[in-house]
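Enquirer: Here it is: the structure, laid out below.
Please treat every number below as a calculation from the coordinates, not as lab data. No experiment lies behind these values; they were computed from the predicted model shown. In this analysis, Cβ positions are derived from the backbone assuming ideal geometry, glycine residues included, and neighbour counts consider all displayed protein chains.
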Amino acid sequence: MKRILAIISCILILTVLACSHGETKKERLKNAIIQFNNDQRSINSTLYYPESYTEIKTDSIVGHTFKVSIKNYATSDHGILLNQSVINDKKTTEYHRLFASDVIVAVSDHIIFEKHISAKGFGEFTKSTFWTNATLEHVWVNQNMSNNSQLSLGVSFINPKDDTFKLYELLIDTNGNEQIILIQDHS
């Protein structure tokens, strides 16, 4: 009888020891996820519109008088903050790139007008809040309004934060004198 009790006791002890109260698969998975999340740093994502540098060059001859060279381009290192969001540990920041334009106008192979156009340059002369988050959209030759004595350039600015815009006409005569006229104001 003592032998049977000793054998049963040994079996019980071995059974209890074999069924250790260690982590279950579910607990191990949960702890691994917690450890992984603790080891992760926040992920920062910066998005630009347009995604990369953009440049458009246009050379035109207007009315057999004006030779016009326009370079519209995105500045690669500046932008207008549109949106910032944090979801879990992921921070996303969205920017609209700033644009500028370089305009060169020549008559009889002599440069009469050379100008860098940007929202910063235009906005210095007004107190409108439009210019706080504005950028140049585009500069182009307005063929319909140009003639042999006067060149007409269209100049548009946008405010991507407010979805507003302003449209100007830049008139240049054969001596390089300029006149700026506001055509549309949707701000």
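Enquirer: Sort all Cα-Cα distances of the chain into consecutive 5 angstrom bins from zero, then give the percent of pairs in each bin up to the one containing the longest distance.
Expert: Computed distribution, short to long bins: 1, 7, 11, 12, 11, 9, 7, 5, 4, 3, 3, 3, 3, 3, 3, 2, 2, 2, 2, 2, 2, 1, 1, 1, 0, 0.
Enquirer: Which value, in debye to the nearest 20, gives the size of the charge dipole of the chain about its Cα centre, when Lys and Arg are +1 and Asp and Glu are -1 at the Cβ? Don't skip to the answer; put the middle values down first.
Expert: Details: 18 positive and 20 negative charges, 376 e Å.
Using Cβ point charges on Lys, Arg, Asp and Glu, the chain gives about 1800 debye.
Enquirer: So, one more: So who's got an amide H within less than 5 Å of the one on S146, skipping anything under 5 residues away but keeping other chains? H placed 1.01 Å off N, in plane.
Expert: S152
Enquirer: N177 to M145: FRET efficiency via 1/(1 + (r/R0)^6), r the Cβ-Cβ distance, R0 25 Å, to the nearest 0.05?
Expert: Values: r = 16 Å, r/R0 = 0.65.
Computed FRET efficiency for N177 and M145: 0.95.
Enquirer: Follow-up question, since we're still on this one. Need the full-extension length gain, Q84 to L29, defined as separation in residues times 0.36 nm minus the C-alpha distance. One decimal, nm. Display every interim value, and only then the final one.
Expert: Details: separation 55, 0.36 × 55 = 19.80 nm, distance 3.30 nm.
Answer, rounded to one decimal: 16.5 nm.
Enquirer: Would you calculate a helix-derived [θ] at 222 nm for the chain, using -39,500 (n - 2.57) for each DSSP H run of n ≥ 4 and dividing by the full residue count, to the nearest 500? Spell out each step's value before the answer.
Expert: Details: 3 runs with 37 residues, N = 187.
-6000 deg cm²/dmol, from helical runs alone.
Enquirer: Further question: If you average the alpha carbon positions of segment 44-59 and of segment 157-176, how far apart do those two centres end up, in angstrom?
Expert: The two parts, judged by their Cα centres, are 20 Å apart.
Enquirer: Okay, next question. On a 21 Å Cα-Cα criterion, which of the cross-link pairs K90/K161; K91/K120; K67/K115 come out too long? Write down the numbers at each step before the final one.
Expert: Details: K90/K161 23 Å; K91/K120 29 Å; K67/K115 14 Å.
From K90/K161; K91/K120; K67/K115, over 21 Å: K90/K161; K91/K120.
Enquirer: At 7 Å along Cα-to-Cβ for each site, give me the label-to-label distance between I61 and H116 in nm.
Expert: Those two pseudo-labels are separated by 3.1 nm.
Enquirer: Also: Rounded to the nearest 5, what is the percent of antiparallel bridges among the DSSP beta bridges in the chain? Show your work: numbers first, answer last.
Expert: Working: 57 of 64 bridges.
The answer is about 90 percent antiparallel.
Enquirer: Another question, if that's okay. Please turn the phi angles of segment 137-154 into ³J(HN,Hα) values with the Karplus equation 6.51 cos²θ - 1.76 cosθ + 1.60 (θ = phi - 60°), one per residue in order, whole Hz, x for glycine and proline.
Expert: 3J(HN,Hα) across segment 137-154, in whole Hz: 9, 6, 10, 8, 7, 8, 4, 5, 9, 8, 8, 5, 10, 8, 9, 10, 10, x.
Enquirer: Pull out the extension gain between S156 and I4, defined as 0.36 nm times the separation in residues minus the alpha carbon to alpha carbon distance; nm, one decimal. List each step's numbers first, then the result.
Expert: Details: separation 152, 0.36 × 152 = 54.72 nm, distance 9.94 nm.
44.8 nm is the gain from fully extending S156 to I4.
Enquirer: What angle do you read, to the nearest 10 degrees and between 0 and 90, between the alpha-carbon axis of helix 25-39 and the longest principal axis of the chain?
Expert: For 25-39 against the chain, the angle is about 40 degrees.
Enquirer: Apply the Karplus parameterisation 6.51 cos²θ - 1.76 cosθ + 1.60, with θ equal to phi minus 60°, to every residue of segment 76-92 and state each ³J(HN,Hα) to the nearest whole Hz, in sequence, with x for glycine and proline.
Expert: Here the 3J(HN,Hα) series is 7, 10, 9, x, 9, 5, 9, 7, 9, 9, 10, 10, 6, 9, 9, 9, 10 Hz.
Enquirer: Just check segment 40-118 against the gyration tensor rule for me: Cα atoms, a ≥ b ≥ c as the square roots of the eigenvalues, rounded for a/c under 1.5, and otherwise prolate or oblate depending on whether a/b exceeds b/c.
Expert: On the way: a/c = 5.30, a/b = 4.50, b/c = 1.18.
Prolate, because a/c is 1.5 or more and a/b exceeds b/c.
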